[in-house]
Amino acid sequence: MYLDISNTPHPYAWGSRSAIATLQGRPSTDQPEAELWLGTHPGGPSRIDTPDTAWKSLDQVGRLPFLLKLLAADSALSLQVHPSSEQARQGFDREDRAGIALDAPRRNFKDRMHKPEMLVALSDRFDVLAGFRTAERSAESLAAETSRGKGMQALLESVSSGEHLGETVRWLLSNDRKAAAAIDELVEAAQQRTGSDWQTVRELAVVYPNDPGIAVAFLMNRISLKRGEALFVGARVVHAYLKGFGVELMAASDNVLRAGLTPKHVDVDALLDTATFIPTSSLRLASETTAAGIEVFRPPVTEYALARFDGPALNSTVSFHGPAIAVCTRGKAILNGHVLQQGQAAYLSDQESPASVTGNAELFVAAGQSMTVPTSK
């Protein structure tokens, strides 16, 4: 079964007004368009494009274990973390026993699934906060600024004390007077400093003034992806997309715990129980290149893999078990005889496997981990 699919972009406030529209060949909008969902997620299943005018939802043909998105950020998303599968099951059951409604603003766990996610940059640059720097690196940046006030001194002492980084994050999110002073002093210092950590503070202070998430972000890694480069964020890793346009692929879960940079619910205790505060140097995801312009990204999850075809004369196949979602992000691809123009997407059932891929295009195909792409013909 081959189905042309589409959807309406989600208008989250941090979204771009032009990136998705430009890709789809239509005028920019006066409203933000943050995410275009391609899949069967109940929060916004794709619709099946048919010759008649009847609206049909893709979830009528079944449920996908993953969700493919076009994500366009003009400003930072919330600092957030996703639970492991075990944490999700325990958290969901605990909140069920407590009688917290699934749609309650204070509900943290909406299902029993984890939500690992990966992103491939489509813009020339995509900036991300992901994972924490070492205490030594953060302390080195702070050391020259302690003369600014007691808040900065307290932050340096907390970072340098050798205590678990989670305790520093707890303090920053606690509304403590010295923590609030530390945020003000960080913002002041950032106006005279260079470097990616200070750049992050300056950018976030404009959109989220006085938010404790600014100081948490200062302790994190800032990663800049070039076009075609990928990042994988597994369970328990605190992260936030800052700015850029990309293809995102994730498990089809709604479990998000937030640490700041948001007007939404922040549960400090649940966040600290869920997140890991072990420093990490890089979360970049390498690909397997099968031929020139053809690569597969295989993050360490069972739900999905992502193939990327990008070339002037594609002539290959892709095999998969179970359903797949394809989206064309450049040119014109021909998928099993069906034309996909730039900005168009399709659903394929396993009866379409293997699928031939030809044309002059950039095409992404999301499917299960068993997906294979042989060397070009």
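Summary table
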quantity	calculated
Computed E for T22/D273 - FRET, C-beta separation, R0 51 angstrom, nearest 0.05	0.75
Simple spin-label estimate for R63 and L102 in nanometres, 7 Å along Cα-Cβ	0.9 nm
Reference-scaled alpha-carbon Rg (2.2 N^0.38 Å with N residues) for the stretch 136-249	1.10
Spin-label model distance (nm) - R137 vs A313, 7 Å beyond Cα toward Cβ	4.4 nm
Relative packing of peptides 173-180, 87-94 - highest average C-beta neighbours within 10 Å first	87-94, 173-180
Cross-link reach list, lysines versus K178, counting only Cα pairs under 23 Å and skipping chain neighbours closer than eight places	K150
Estimated Rh, the stretch 9-91: Kirkwood, alpha-carbon pairs, angstrom	14.9 Å
Radius of gyration and Dmax over the Cα atoms of the stretch 74-168, both given in Å	18.8, 50
Carbon and sulfur %, accessible surface of the chain computed with the full protein complex present, 1.4 Å	50 percent
Accessible surface, the stretch 205-330, averaged per residue in Å² (probe 1.4 Å)	36 Å²
The stretch 31-104, relative contact order [Cα under 8 Å, separation at least 6], %	28 percent
Prolate/oblate/rounded call for the stretch 226-311, Cα gyration tensor, a/c under 1.5 rounded	prolate
Those aspartates and glutamates that a straight Cα-Cα span of less than 15 Å connects to K264, excepting residues fewer than 8 apart in one chain	D103, D211, D254
Virtual paramagnetic centre 7 Å along Cα→Cβ of S174, amide N under 17 Å, in the stretch 126-159	150-159
Alpha carbon Rg of the chain, scaled by the compact-globule rule 2.2 N^0.38 Å	1.04
Alpha carbon convex hull of the stretch 201-250, projected area averaged over orientations, nm²	4.3 nm²
By accessible area with a 1.4 Å probe, ligands and nucleic acids excluded, highest first: order of H114, H338, H239	H338, H114, H239
Cubic angstrom per residue, convex hull over Cα atoms of the stretch 186-280	127 Å³
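The values are calculated or read from the model by the stated rules, or taken from the named source; none is laboratory data. Since this is a predicted model, take the numbers as computed values, not measurements. No Cβ is skipped: glycine too gets one built from the backbone with ideal geometry, and neighbour counts run over all protein chains shown. SASA here: full protein model, heavy atoms, side chains in, ligands and nucleic acids out. Shrake-Rupley method; radii C 1.70, N 1.55, O 1.52, S 1.80 Å.
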